[in-house]
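Peer 1: Quick one: the structure is below, questions incoming.
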Amino acid sequence: MSCIQIKGGRPFRGEVLIQGSKNAALPIMAACVLVPGVTVLQNCPDISDVDCMCQILRCVGVEIRRQEDVLFLDASCITSHCLPEEYVTRMRSSVILTGAMLGRCREISLYYPGGCVIGDRPIDLHLRALEKLGACFAANGRSLTATAPALTGSRIRLPFPSVGATENVILAAVAAKGTTYVDGCATEPEIVALCEFLKGAGAKIGGIGSGSLVIEGTKRLSESCYRVEPDRIVAGTYLLGTLAAGGDVFLRGAPQSQMESVLEVSRRMGAELVLQKEGIRVVRTGELAGVGSIRTGVYPGFPTDLQSPMLVALCRATGESRLTETIFNGRLAVAAELNRMGAGIRVEGSDAYLSGPRQLTGCSVTARELRGGAALVLAGACARGMTKIENRQFIDRGYEDIVRDLQSLGVDIGDKTGF
Ligand code: UD1
């Protein structure tokens with residue numbers, strides 16, 4: 001297991017290029033199963049979750065090659081409908097292959113998906129929605145088989161706008177016979193990206209970006225090329241890190257139109273933001289102000305994926321703040337590790353109470369999931385003395401190289417061997 005070491009205390013200064021979006025790339029990779037030919041994905045992030053998705057796709061017959069930031073996925077021949085347990089249980093997004101594989105092969109065998117330990121992550125909404133399109137599921141211990149001899153358009157209302165369930169429905173519906181009307185959809189930018197990709201391959205989807213989609217089944221999707229947008233969560237992580245540590249940073253490529261809620265809170269905390277065509281400049285020189293109360297929410301609300309980095313910024317702010325987690329009940333677990341560094345976060349149920357500013361002190365901490373791990377890195381960059389973060393592999397699931405990126409902002413950071 002590799003680890004990261006940081007000597008904290010320097011403000012962030014410089015420029016960082018924002019990588020392609022993980023949560024956009026993964027469902028689009030799943031969607032390539034529906035294309036009996038080559039899909040070209042540009043700006044695909046070089047992260048371990050993408051590697052994991054490649055392994056799963058290879059097991060069902062997709063031929064994949066990477067050339068720098070471009071992935072070529074050839075799904076001309078699907079040779080198996082069985083997803084490998086080793087990779088499926090490692091990554092939650094593997095469940096998105098259910099809709100795509102049903103669309104292409106009308107059957108799939110998989111295992112209950114794994115992923116970050118951030119709370120309960122059932123897949124009931126996925127299964128109920130796919131059943132509406134004609135899928136039948138049979139569970140056998142940890143494995144799950146689905147068949148859909150006839151996928152047929154239907155009317156579906158999702159009781160909660162689940163990102164993954166919306167993606168699964170879209171993927172199955174584009175290959176179904178007839179028209180599917182879906183209400184209660186998630187509207188996250190990654191759903192829009194998936195729809196735009198599918199449209200580019202010949203799918204007919206109306207209502208993109210709204211909570212109601214109309215999807216007309218298409219017999220055959222065609223080869224296409226798609227550029228993955230920059231990652232709003234990675235951009236938000238480095239923005240919040242700059243708030244916490246202070247400094248002057250240019251986030252090249254940051255997708256500002258997708259980051260409204262984060263930008264609004266950052267301004268309230270006292271950050272100066274310059275929005276430019278090429279990215280966002282964030283400057284924090286004076287004191288940070290506490291925010292009173294904020295809560296995570298579905299898009300366009302404050303993203304749950306930025307809750308942990310936000311905890312770090314808030315503990316550096318003057319005054320009282322309350323951060324409420326409304327999506328994943330286990331995500332505040334990172335507060336215990338941050339408190340070992342002196343963050344002074346009090347957790348009550350789904351609320352975190354902070355009173356700052358706190359001087360963080362470096363120590364040895366352990367990442368247990370992706371975004372919490374990134375938050376520990378930010379905390380280390382603000383702390384007095386040396387911080388060691390164990391379990392770097394969780395962070396590598398979603399950040400191409402957080403050490404490289406923070407080094408480019410002048411942070412004294414390295415991995416165990418390179419420090
Ligand atoms: C996706 C993102 C993740 C982000 C999350 C919310 C990817 C690969 N991951 O995860 O980074 O944090 O959206 O923005 O895109 N739920 C159910 N039953 C279901 C499905 C979900 O109860 O069948 C619940 C979950 O437990 C959770 C909430 O709905 O409490 C949100 O989950 P969902 O929107 O599905 O998130 P993911 O697609 O897993």
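Every number here is computed from the coordinates shown, using simple stated rules; none is lab data. Fair warning: this is a prediction, and the values are worked out from it, not measured in the lab. Cβ placement follows ideal geometry from the backbone for every residue including glycine, while neighbour counts extend to all protein chains displayed.
Peer 1: Could you tell me the relative contact order of the range 22-227? Use alpha-carbon pairs under 8 Å, at least six residues apart, and round to a whole percent.
Peer 2: It comes to 21 percent, rounded to a whole number.
Peer 1: Report the Cα-based extents of the range 22-227 along its three principal axes, largest first, to the nearest Å.
Peer 2: Here the Cα extents, ordered largest to smallest, are 41, 38, 32 Å.
Peer 1: For q = 0.10, 0.20 Å⁻¹, what log10 I(q)/I(0) does the range 179-321 give under the Debye formula with an equal point scatterer on each alpha carbon and no solvent?
Peer 2: The Debye formula, applied to the Cα set alone, gives -0.43, -1.12.
Peer 1: Residues with beta-carbon under 15 Å from that of Asp351, excluding Asp351: net charge, scoring Lys, Arg +1 and Asp, Glu -1?
Peer 2: +1
Peer 1: Which whole-angstrom value gives the distance between the alpha carbon centres of the range 325-380 and the range 173-211?
Peer 2: Cα centroid of the range 325-380 versus Cα centroid of the range 173-211: 36 Å apart.
Peer 1: Kindly provide the helix-only [θ] at 222 nm of the chain, computed as the sum of -39,500 (n - 2.57) over DSSP H runs of four or more divided by all residues, to the nearest 500 deg cm²/dmol?
Peer 2: -9000 deg cm²/dmol
Peer 1: Restricting to Cα pairs below 8 Å that are 6+ residues apart, what does the relative contact order work out to for the chain? Please round to a whole percent.
Peer 2: Reported as a whole number, the value is 21 percent.
Peer 1: Provide the net charge surrounding Pro161, with neighbours chosen by a C-beta distance below 12 Å and charges set as Lys +1, Arg +1, Asp -1, Glu -1.
Peer 2: -2
Peer 1: Write out the chymotrypsin sites (Phe, Trp or Tyr not before Pro) in the range 351-408 meeting two conditions: DSSP loop, and at most 11 other Cβ atoms within 10 Å of their Cβ.
Peer 2: none
Peer 1: If you don't mind, there's one more thing I want to ask. If you bin the C-alpha pair distances of the chain every 20 Å from 0, what whole percents do you get?
Peer 2: 28, 55, 17, 0
Peer 1: Any idea how far the Cα center of the range 3-40 sits from the one of the range 235-301, in Å?
Peer 2: What the calculation gives is 19 Å, centre to centre.
Peer 1: What GluC sites (Glu not before Pro) in the range 247-288 are in a loop by DSSP, with at most 14 other Cβ atoms within 10 Å of the Cβ?
Peer 2: Sites meeting the loop and neighbour criteria: Glu278, Glu287.
Peer 1: Where Rh is the Kirkwood radius over the Cα pairs of the range 308-389, the temperature 4 °C and the viscosity 1.567 mPa s, what D in µm²/s does Stokes-Einstein return?
Peer 2: For these conditions, the coefficient is 105 µm²/s.
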